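What follows is a set of notes on a single structure, which appears directly below.
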Amino acid sequence: MLISIEEARNNSADSRLACTLAAVAGALNTAAFEAVGFFSANMTGNVSSLSDHLAKASFGPGMFFLSIVGIFIAGAAFSTTLINAGRRKNIRSIYALNILIEGAALVLLGIVETWSTLVSPGVVLILSLSFLMGLQNAVVTRISNARVRTTHVSGTSTDIGIELAMLFDVVRRKESPKDAPLYLERLRLHFFTLMAFLVGGVGGIWLFRLIGYRFLILIGCLLIYLALNATLRKHPT
């Protein structure tokens, strides 16, 4: 799921990618909110909060939300730069390498948050996760040709509504029935992405309450395993 691209990409690979990384994003996003009261990947909410603070001339808190948005963008830019370089050199595992970086960074963040005394632990957590969520979202967007998003569900929810409407028009004979399998395939993909994010969010809160910041290490190790497995497995040329 982290190797196949372009014409070799199929719905099964996209579904596995979506469910796995959406669950990871849901876990990280909700656990971070549970820990410090901020979302690391909800850029819509963060920009709205930025607007609110700017309107009230609360520039200190406003700069914090601006930093969250900016570092999310930086994560996406870093990932894209790495992907572009890898694709120019025909490195098929470049997407997996990005996820490997995310996993290693989560392990490091978990170690720092668990065993170090930070001056502003909440700030470090949110900004670090925002960077990693930007990185992950860029990976998923590029490898799936924008068919999949995993770090937020606004677009996914919109896509579910679109596919339901298209299927409704097929039933009413306003759209060609031959396109119904495509609409159903897309609907399944987006629905399972949404559900994976939801389940991951529940699991993230449970894990955080059970083992604290060590849950970052656990998720990081999972991503490292997935990335290494994709990289070392033999793939058809």
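The values are calculated or read from the model by the stated rules, or taken from the named source; none is laboratory data. Small disclaimer: the values here were computed from a predicted structure and weren't measured. When we count neighbours, we look across all protein chains shown, and the Cβ atoms used for this are built from the backbone with ideal geometry, even at glycine. SASA here: full protein model, heavy atoms, side chains in, ligands and nucleic acids out. Shrake-Rupley method; radii C 1.70, N 1.55, O 1.52, S 1.80 Å.
Taking Cα pairs under 8 Å and at least six residues apart, what relative contact order does the chain come out at, in percent?
Value for the chain: 37 percent.
Which label belongs to the value computed from this structure, given these candidates for P(r) over Cα pairs in 5 Å bins from 0, in percent: (1) 1, 7, 13, 17, 18, 14, 9, 5, 3, 3, 2, 2, 2, 1, 1, 1, 0, 0, 0; (2) 1, 7, 13, 17, 18, 15, 12, 8, 5, 3, 1, 0, 0; (3) 1, 6, 12, 15, 14, 13, 12, 11, 8, 5, 2, 0, 0?
Correct label is (2).
Angle, helix 154-171 long axis vs. longest principal axis of the chain, Cα atoms, 0 to 90°, nearest 10?
Helix 154-171 sits roughly 20 degrees off the main axis of the chain.
May I ask for the angle, rounded to the nearest 10°, between helix 94-115 and the longest principal axis of the chain, with both axes built from Cα atoms and the value confined to 0 to 90°?
On a 0 to 90 degree scale, this one is about 30.
I'd like the carbon and sulfur percentage of the solvent accessible area for the range 1-143, probe radius 1.4 Å, heavy atoms only, ligands and nucleic acids excluded. Before the final figure, lay out each step's value.
Working: 4020 of 6120 Å².
C and S fraction of accessible area: 66 percent.
Once you sort the root eigenvalues of the Cα gyration tensor of the range 106-237 as a ≥ b ≥ c, which label holds: rounded (a/c under 1.5), prolate (a/b larger than b/c) or oblate (the other case)?
Because a/c hits 1.5 or more and a/b exceeds b/c, the range 106-237 counts as prolate.
Using +1 at the Cβ of each Lys and Arg and -1 at the Cβ of each Asp and Glu in the range 83-237, identify which of W115, G86, I101 lies farthest towards the dipole's positive end.
Projecting each Cα onto the dipole axis, the largest value belongs to G86.
Give, rounded to the nearest 20 debye, the magnitude of the charge dipole that the range 4-96 has about its Cα centre when Lys and Arg contribute +1 at Cβ and Asp and Glu contribute -1 at Cβ.
Details: 7 positive and 5 negative charges, 77 e Å.
Its charge dipole is roughly 360 debye.
Need one number: nm distance between label points at I73 and T117, each 7 Å from Cα along Cα→Cβ, rounded to one decimal.
3.8 nm
If exposed trypsin sites (Lys or Arg not before Pro) are those in a DSSP loop with at most 16 other Cβ within 10 Å, what is the longest stretch of the chain that has none?
Segment 90-171 is the longest.
Using the Karplus curve 6.51 cos²θ - 1.76 cosθ + 1.60 with θ = phi - 60°, work out ³J(HN,Hα) for each residue of the range 133-146 in order, rounded to whole Hz, and write x for Gly and Pro.
5, x, 4, 4, 5, 5, 4, 5, 5, 6, 6, 9, 6, 6
Can you tell me the length gained on complete extension of the stretch K89 to R214, counting 0.36 nm per residue apart and subtracting the Cα distance?
Details: separation 125, 0.36 × 125 = 45.00 nm, distance 3.65 nm.
Here the answer is 41.4 nm.
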